[in-house]
Amino acid sequence: MTKVINDKKIDELLKDLYEKREALRVIKSNGQGKDKNVKAQGTLKKEIARVLTAINAKK
């Protein structure tokens, strides 16, 4: 996973960041997080953190 993130350019990472934040927003607003996949919210938060770390490392 980290190799894939590190190989992307900043523009692609920003696009991924927007998509992941939007998905997290949808999960949170869809029944206040009461979804069958309980780990989805935590997984998205971790992926967002990984993308932000990669963006900051490239600057």
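Observations on the model:
- Number of the condition not met by Lys3 [criteria: (1) at pLDDT below 85; (2) assigned to a helix (DSSP H, G or I); (3) surrounded by 13 or more Cβ atoms within 10 Å (Cβ to Cβ)]: (3)
- Residue match in the stretch 39-53 (condition: surrounded by 14 or more Cβ atoms within 10 Å (Cβ to Cβ), at pLDDT below 90 and over 8 Å from the mean Cα position of the chain (by Cα)): yes
- For the stretch 7-18, the set of residues classified as exposed (fewer than 13 other Cβ atoms within 10 Å of the Cβ) and assigned to a helix (DSSP H, G or I) consists of Asp7, Ile10, Asp11, Glu12, Tyr18, listed by residue number.
- In this entry, Ala57 passes the filter for residues that are modelled with pLDDT of 90 or more, out of contact with any Leu (no Cβ under 9 Å at 6 or more places or on another chain) and assigned to a helix (DSSP H, G or I).
- First in the stretch 22-36 and at positive phi, second anywhere and in a helix (DSSP H, G or I) and at pLDDT 65 or above, Cβ under 7 Å, 6 or more apart: Gly33/Ile27; Gly33/Gln41
The values are calculated or read from the model by the stated rules, or taken from the named source; none is laboratory data. Please read all numbers here as calculations on a predicted model, not as lab measurements. Neighbour counts run over all protein chains shown; Cβ positions are idealised from the backbone, glycine included.
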